[in-house]
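To keep things clear, I will list the structure first and then write my remarks on it.
Each reported figure results from applying straightforward, stated rules to the coordinates on display, with no laboratory input. Note that the coordinates shown come from a computational prediction; the quantities given were computed from them, not determined experimentally. Virtual Cβ from ideal backbone geometry, glycine too; neighbours counted across all protein chains shown.
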Ligand code: PLP
């Protein structure tokens, strides 16, 4: 569904139509200059060859230090691995840990790839929906009820794509305790952890419960926080045995992540953090503007997102309405099609995240685009009867 909207936006743009896209899952900022410069130097110094499957020793060591600093526990480099993006980490982890028939609990709304990757590993995704009236906080009771004899893993992703929810310490602790009680793996996708706003605080469950690290795979990387999506570097922190399994798998797929990108990632995590903060503040300003503008549209409600760079408004009030051309809006994908045709605004349907009746808008785009796009969106919604 995401691809359909993106393809339509690209097609219109190619025809010279001024399309505003809120579809992007990546920062609009460029990679900080000092990181690009480090990559150029690394190329000249010979970063053009294979590296160890698990990553260069220098990067693994630096990632171990980085994880230790972030979460307050000891990390050794053999508990760390580097892959081509957080997505490959998740792919490796699910394929290394899941068997056909295993169930994976996905607190939802959530990123679609968890379900699709679980299916590729032969496992069954079990989405467990949280509620807008709870600010999309984890529904611990519903998660507990979803656990069966076949459950093998729970995926926690905070801040959340698409809702922007940052899960609270009590809920995170309760889900971690469920993982211990039922002997489950916990996969935490921390890719947005440095993008929190309004005083929201990211909580890593393994820092709450001693011993939890034995059953936790922590996914992280540089894509979102350092504006490095195209470099394709993700990190994993997991028990050494799991890393071994993942390395065996990656050794027969992509081998190592690109060596020049590993050098860039090393510069990123060892370098100054000031630009991260500049980007975070810019996202925060746009977030406030976007949420205010969305809430001002009659019929739209929007939970306050407190992390990542997405707003996830409820637009179910428009489903069933009629367009000026007389067509009926049947569902959120139908609404997205209408919005791109009528307003030339691209948004992603909530159905792509197990949340029909919602749409996802990324505010990782300029303030200008946000202002113009939301004006158009409001006008188009106002034409539905
Ligand atoms: N996890 C979440 C929640 C994401 O939204 C994304 C990208 O959209 C990823 C992981 C993938 O990150 P990477 O680009 O490092 O593979």
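Going by how many other Cβ atoms sit within 10 Å of their own, how do 113, 261 line up, fewest first? Please report the intermediate quantities before stating the final value.
On the way: 113 15, 261 23.
Result, fewest neighbours first: 113, 261.
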Convex hull volume per residue for the range 229-381, taking Cα atoms only, in Å³: 165 Å³
Among bridges DSSP assigns within the chain, what percent are antiparallel (round to 5)? 45 percent
In degrees, nearest 10, the alpha-carbon axis of helix 259-270 is tilted away from the dominant principal axis of the alpha carbons of the chain by 90 degrees
If I model a spin label at residue 7 and residue 285 as a point 7 Å from the Cα along the Cα→Cβ vector, what separation in nanometres do I get? 3.8 nm
Could you put 12, 374 in order, starting from the residue whose Cβ has the fewest other Cβ atoms within 10 Å? 12, 374
Under the definition of Cα pairs under 8 Å and six or more residues apart, what whole-number percent is the relative contact order of the range 1-151? 13 percent
Quick one: order 66, 231 by neighbouring beta-carbon count within 10 Å, fewest to most. 66, 231
Between the range 331-385 and the range 113-171, what is the separation of their alpha carbon centroids in Å? 25 Å
Against the longest alpha carbon principal axis of the chain, how many degrees, from 0 to 90 and to the nearest 10, is the axis of helix 86-97 turned? 60 degrees
Could you state the angle between the C-alpha long axis of helix 367-382 and the longest principal axis of the C-alpha atoms of the chain, as a value from 0 to 90 degrees rounded to the nearest 10? 50 degrees
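Summing -39500 (n - 2.57) over the DSSP H runs of n ≥ 4 in the chain and dividing by its residue number, what mean residue ellipticity at 222 nm do you reach, to the nearest 500 deg cm²/dmol?
Details: 12 runs with 154 residues, N = 385.
Value at 222 nm, helices only: -12500 deg cm²/dmol.
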